[in-house]
């Protein structure tokens, strides 16, 4: 029965065939906020089967919120508004809930596929799980608040140049700068804004820092930064 449903879905919606086997989850909605596309990766990540969500309003399934806890779904949905104005839809990091009620942070990239008739389109949201990353960044933010703010850490870092035996000497000046921001609890987006670089470049710097120091997580990098007073 499930295979029959999948075959029928592919015939009705050609986009389903394009995105059916992608590693990332895919949610498609039309201009009226109705779900028209839901691939197998979305089923795996969120827990709902396609038959459970197709034809339903997007807000009933996602109920998207940002880090401040503000709801982002409904008539004021900014991606739909941008698509109607034929403006680009920016990628964003949001929280949804799985079918079992578990909070799930996802990063969503969006493309708009025009239909044959004017003002009709399918908005395709491609998403992946970033829960661990977000939870780490929130924890780092708490560390920052415990330190008493950025100004205090800047003064400390000025008074503590790298020690001769510091493993941080393998890092480039830019990587040291990025590590200092990581220790202050900045996200990749925040680092990018501070250093006038792209978020992707900020993430690449972070990965290089972890690789050079033989670490696996940002929290480990923070521990090293604090040990050698590089914050």
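The values are calculated or read from the model by the stated rules, or taken from the named source; none is laboratory data. Note that the structure is predicted; figures quoted are calculated from it, not measured. As a convention, Cβ positions derive from the backbone with ideal geometry for all residues, glycine included, and neighbour counts pool all protein chains shown.
Exactly one residue among 206, 200, 217 is closer than 19 Å to residue 134 by Cα, touching a residue at least 40 places away in the same chain (Cβ under 8 Å), out of contact with any helix residue (DSSP H, G or I) (no Cβ under 6 Å at 6 or more places or on another chain) and in the same structural domain as residue 139 (by TED's automatic domain parsing), and that residue is 217. Checking each residue in segment 17-29 for being modelled with pLDDT of 85 or more and surrounded by 14 or more Cβ atoms within 10 Å (Cβ to Cβ) picks out 24, 25, 26, 27, 28, 29. Would you pick out the residues in segment 199-218 that are more than 14 Å from residue 174 (Cα to Cα) and exposed (fewer than 14 other Cβ atoms within 10 Å of the Cβ)? 200, 211, 214, 216, 217, listed by residue number. Selection of helices (runs of 4 or more DSSP H) fully inside segment 147-229 by the criterion of at least 3 residues being over 24 Å from residue 90 (Cα atoms) and modelled with pLDDT under 80 returns 150-159, 218-227. Among the strands (runs of 3 or more DSSP E) confined to segment 47-133, there are none with at least 1 residues that are at positive phi, surrounded by fewer than 15 Cβ atoms within 10 Å (Cβ to Cβ) and at pLDDT below 90.
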